[in-house]
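First comes the structure, then the notes that go with it.
The values are calculated or read from the model by the stated rules, or taken from the named source; none is laboratory data. What you are looking at is a predicted structure, and each value in this text was computed from that prediction instead of being measured. Methodologically, a virtual Cβ is constructed for each residue, glycine included, from the backbone with ideal geometry; neighbour enumeration extends over all protein chains shown.
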Amino acid sequence: MIQDPEKEPERWDEPILADNLKQAKQECQKRADRYQVELESVTQPRKVENRPQVYRCNYKEKE
């Protein structure tokens with residue numbers, strides 16, 4: 001696939017449920033591998049006790 005070198009790589013995020021940051025990072029990385037993109041970061045939610053948290057996986061197209 002030919003890509004425009006001046007075009008910025010596409011970025012997006014996606015919510016996931018996880019019990020902790022480590023679990024969220026692992027799940028986000030699995031998805032990034034499946035989508036064949038880079039995982040840029042995982043955004044932490046505000047803490048709500050005794051419930052799974054909604055984390056955000058931040059992805060970027062590979063250059």
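When the residues of segment 28-63 are filtered to those that are among the β-branched types (Val, Ile, Thr) and not in a loop (DSSP other than H, G, I, E, B), which remaining residue is surrounded by the most Cβ atoms within 10 Å (Cβ to Cβ)? So that I can check it myself, show each step before the final result.
Start the filter on segment 28-63 by keeping residues that are among the β-branched types (Val, Ile, Thr), which leaves 37, 42-43, 48, 54.
From what is left, the residues that are not in a loop (DSSP other than H, G, I, E, B) are 42-43, 54.
On the way: Val42: 20, Thr43: 15, Val54: 15.
This residue is Val42.
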Looking only at segment 18-27, decide whether some residue is modelled with pLDDT under 95, in a loop (DSSP other than H, G, I, E, B) and under 13 Å from the mean Cα position of the chain (by Cα). no
Tally, over segment 16-40, of residues that are under 16 Å from Val54 (Cα atoms) and in contact with a Cys (Cβ under 8 Å, 6 or more places away or on another chain): 5
